[in-house]
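Structure, as structure tokens:
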Amino acid sequence: MIIGIGVDIVDLDRIQGMIDRHGKRFLGRTFTDEEIAYCLSRKLPTQHFAARFAAKEAAFKAFGTGWRQGLGWKDVEVRVDQLGQPHIYLSGRAAAMARDMGITDMLVSLSHCTCHAIAHVVACDQADS
């Protein structure tokens, strides 16, 4: 059963501006070490940072809480498998909320172009994952 959905779109210039202004401080507060390493290994890192930023926002929306309930940026992590498919991994407060809500999986789809990145997240229980 679908428990929640979320979508978010991000302007790449906004993310690049945050990186330019705040550098490692922004990256370290927003992304896990694994996410940072992955994005920096890509030809166009900003697109990948923006897609992950959008995925985190979309996941918060799928919880139905937004930023309430003490969710943090690093509580939601996007990793790719060996085929390049993205997956959401939860920790901290997000993992606890997912357990409380019966969420067993958060499916994610990412896309980006030269100016925007978008993410769609579907939170579901065991029957749908």
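For the range 1-51, how many residues meet the condition of being in contact (Cβ under 8 Å) with a residue 40 or more places away in the chain and either of a type in the set (Lys, Arg) or assigned to a strand (DSSP E or B) (or both)?
11
Quick check on the range 1-60: of everything there that is over 30 Å from residue 125 (Cβ atoms) and of a type in the set (Ser, Thr, Tyr), which residue is surrounded by the most Cβ atoms within 10 Å (Cβ to Cβ)?
It comes out as 46.
List pairs: first in the range 90-118 and closer than 14 Å to residue 57 by Cα, second part of a loop (DSSP other than H, G, I, E, B) and at pLDDT 95 or above, Cβ under 6 Å, 6+ apart or cross-chain?
Partner pairs satisfying both residue conditions: none exist.
How many residues are touching a Lys or Arg at 6+ places or on another chain (Cβ under 9 Å) and assigned to a helix (DSSP H, G or I) if we restrict to the range 61-93?
Going through the range 61-93 one residue at a time, the tally reaches 6.
The values are calculated or read from the model by the stated rules, or taken from the named source; none is laboratory data. Only a predicted model underlies this, so the values are computations on that prediction, with no experimental measurement involved. Cβ coordinates were reconstructed from backbone atoms using ideal geometry, including for glycine residues, and neighbour counts include every protein chain displayed.
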